[in-house]
Amino acid sequence: MSTEEPTLGESIIENDIWPRTKYLIVSYPAAVLALFFVLPLLLLVVVSTFENIEGGFFQPAFTFENYVRFFGSDLFQGRMIYTLQVAGLTTASCLVIGYPLAYYIASLDSELWRRVYLSIIISSLFLTFIIRAFAWQVLLSSDSIVPTVASSLGILQEPVALVPSYMALIVGMVYVFLPFMVLTLYTSIREVDDSLQEASRSLGAMPLTTFRNVTLPLTKGGIVSGSMLVFVLSLGVYVLPRILGNPPQWTLAVLIGNQVGVEGNIPYGATISIVLLLVVGAILAVGWYLLGGERRVSI
Amino acid sequence: MSIADGVDPNVRDRLTAGIMRVFAWVVLLFVLMPLVVICAMAFTSGEFLVFPPEGVSLRWFGELTSWLDAIRNSVVVAIPAALIATTVGGTAAYSLDRHDYRFGRALAAAATVPIMLPPVIVGVMFMTFFITIGISGNIWNLILAHSIFLTPFPFILISQGLADLDQSYEEAARNLGASQLRTVRTIIFPLVRANVIAGFLFAFILSLNEYIIAWLLSGFSIQTVPIQIFTSLRYSYSPVIAVISLLFIIVTFVGLTIADYLAGGLWE
């Protein structure tokens, strides 16, 4: 707004009868967010250097002992790597399943059907993870439909419970995060100019060649943002490993929850939180860089 | 590709389209099945949660009475949390849209970032904060934490609404001598009302569905519906969990359909 010539209306707004209105309006959200978001976030960093006191309290210490403990412990190191692996496998699965699906929906001529398909995809998007994990627990339990069908098809020798397990966790994760991937890819695929694909086709390229040389490169932005989104969200899962997995399937977020909610060691929980935050931040930075690079190339 | 060269292009295209369609249906089945199963399980006459259900009855709906406290707590948290989130997000969106501030980018970031953080970290952050200032186990802690966590939804939705607004309406009102407050009340708010309500509904629904922040801040004394479901899953396996889930699915679905309609179709 400020870069353009001010119109009459704007100049009136800027030279209001009550010139402090501008700061008065913003003071409410700014104060709330500073006091209850920025301050607690800074406090979390500070408390990660504090000492734990029995019973869920802490006292100032300003040591890096918690960080030394984290990076010196095979258990926590292992959980960090495991969490990254789970997030990686979830992201890759979502991409492999989500891309063809998004491509198919985007290619439908009927707007009604596109809407129907998208509605189904997002139908469970905001439903609590607890209910969605619970649904898979029911589906994968021993007397239930998935093991029964799998055993009658000969995939399983007998209908045994498939939950809790690593596989159940991944199935649940893909189920929960697929919508984010599909929606991001769908938007990106819809933005591709149809005439480019037509041009490629009319010049004699096979559909697969057109896809590889035209559609895929043009939707690279969607692939990067969708993957980043799913990866970052996957890193934070707490409920799914608790319901669909055993302790070997627990991720870093579960460990944070346990440190704080069960062990009552808040400084150490804060430390693991900061480490996880830094990982999330680093991934977002890489994604930002990749997307920025993409934009430079396309110009 | 050499094999495909020998095939009639029409046959090949139709084959590809057929495979794609079957694939899409399989994935959609995968997406739909869990919720359908939960809804069906709510009507079982059996004692256990197995699919397919043993028979049809409404017996488990009667058990809902033991969930009334949790339902009340969830609503008591979600309404003020959504209200605070909407006022904070809305005023932030309005001031950033109409004025320039030196700290504008920082404010926009603070109003967008909370939802991107892993919820467990948001929970630990608020727990640390409330212990430091010496207030814990209070329902307002949870309300405040949810409002900050969910502020991004109304903030983004209302920002979009304001960006789409034709500024000439506002200019006309101002030129005719209306004060800024009156302009907001009579011109701007009615024009972005749908976005404001959609933002509120999103925040409300997400607060109802949020588990980990609520669990960490409840001081283990306030049960919301997700907390009670989680606890029940650990001790029993009763079909009443499917009934409460069905209720939640309906509320979530209806709320979001209205919000999506008001916001003008978020995904098309």
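Numbers below:
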{"read-out": "GNM top mover of B:Ala203, B:Ala42, B:Ala106 - chain B, alpha-carbon springs below 10 Å", "value": "B:Ala106"}
{"read-out": "Which of B:Pro114, B:Val124, B:Tyr101, positive extreme of dipole for segment B:29-152 (C-beta unit charges)", "value": "B:Tyr101"}
{"read-out": "Size of charge dipole - the protein assembly as shown - debye, nearest 20, with Cβ of Lys, Arg +1 and Asp, Glu -1, no other charges", "value": "280"}
{"read-out": "Those GluC sites (Glu not before Pro) in segment A:42-76 that DSSP places in a loop and that have at most 13 other beta carbons within 10 Å", "value": "A:Glu54"}
{"read-out": "More than 37 angstrom apart: percent of Cα pairs within the protein assembly as shown", "value": "39"}
{"read-out": "Per-pair calculated FRET efficiency, R0 = 41 Å: A:Arg115 and A:Tyr23 via Cβ, rounded to 0.05", "value": "0.40"}
{"read-out": "Relative contact order, percent, chain A [alpha-carbon distance under 8 Å, six or more residues apart]", "value": "25"}
{"read-out": "Residue-averaged beta-carbon neighbours from other chains (10 angstrom radius) around A:207-220", "value": "1"}
{"read-out": "Dimensions (Å) - segment B:53-184, Cα atoms, principal axes, largest first", "value": "67, 43, 26"}
{"read-out": "Among B:Thr112, B:Thr86, B:Thr132: highest mean-square fluctuation, GNM of chain B, C-alpha pairs under 10 Å", "value": "B:Thr132"}
{"read-out": "Length gained when the stretch A:Val286-A:Val149 is fully extended (0.36 nm per residue, less Cα-Cα span)", "value": "45.1 nm"}
{"read-out": "Accessible area per residue, Å², chain A with all protein chains present, probe 1.4 Å", "value": "48"}
{"read-out": "Summed buried accessible surface, chains A and B, 1.4 Å probe, nearest 100 Å²", "value": "8300"}
{"read-out": "Inter-chain shielding of B:204-213 (mean C-beta neighbours from other protein chains, 10 Å cut-off)", "value": "4"}
{"read-out": "FRET efficiency, B:Phe103 to A:Val262 (Cβ-Cβ, R0 30 Å, nearest 0.05)", "value": "0.15"}
{"read-out": "Relative contact order [Cα under 8 Å, 6+ residues apart], segment A:167-230, whole percent", "value": "52"}
{"read-out": "Distance histogram in 5 Å bins (all Cα pairs of segment A:82-264, percent per bin)", "value": "1, 8, 14, 15, 15, 14, 11, 9, 6, 3, 1, 0, 0, 0"}
{"read-out": "Test item: Cα-centred dipole of chain B, Lys/Arg +1 and Asp/Glu -1 on Cβ, debye", "value": "520"}
{"read-out": "Inter-label distance for B:Arg234 and B:Leu165, nm, one decimal - labels placed 7 Å from Cα along Cα-to-Cβ", "value": "4.7"}
{"read-out": "Lys/Arg +1, Asp/Glu -1 at C-beta; chain A dipole; positive extreme among A:Pro164, A:Ala61, A:Ile266", "value": "A:Pro164"}
{"read-out": "Kirkwood hydrodynamic radius over Cα pairs of chain B, then Stokes diffusion coefficient at 37 °C and 0.692 mPa s, in µm²/s", "value": "150"}
{"read-out": "Carbon and sulfur %, accessible surface of chain A computed with the full protein complex present, 1.4 Å", "value": "66"}
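The values are calculated or read from the model by the stated rules, or taken from the named source; none is laboratory data. This structure is a prediction, so every number in the text was calculated from the model and none was measured. All Cβ positions, even for glycine, are placed from backbone atoms using ideal geometry, and neighbour counts span all protein chains on display. Keep in mind that these areas ignore ligands, DNA and RNA; they rest on the heavy atoms of the full protein, side chains included. Shrake-Rupley method; radii C 1.70, N 1.55, O 1.52, S 1.80 Å.
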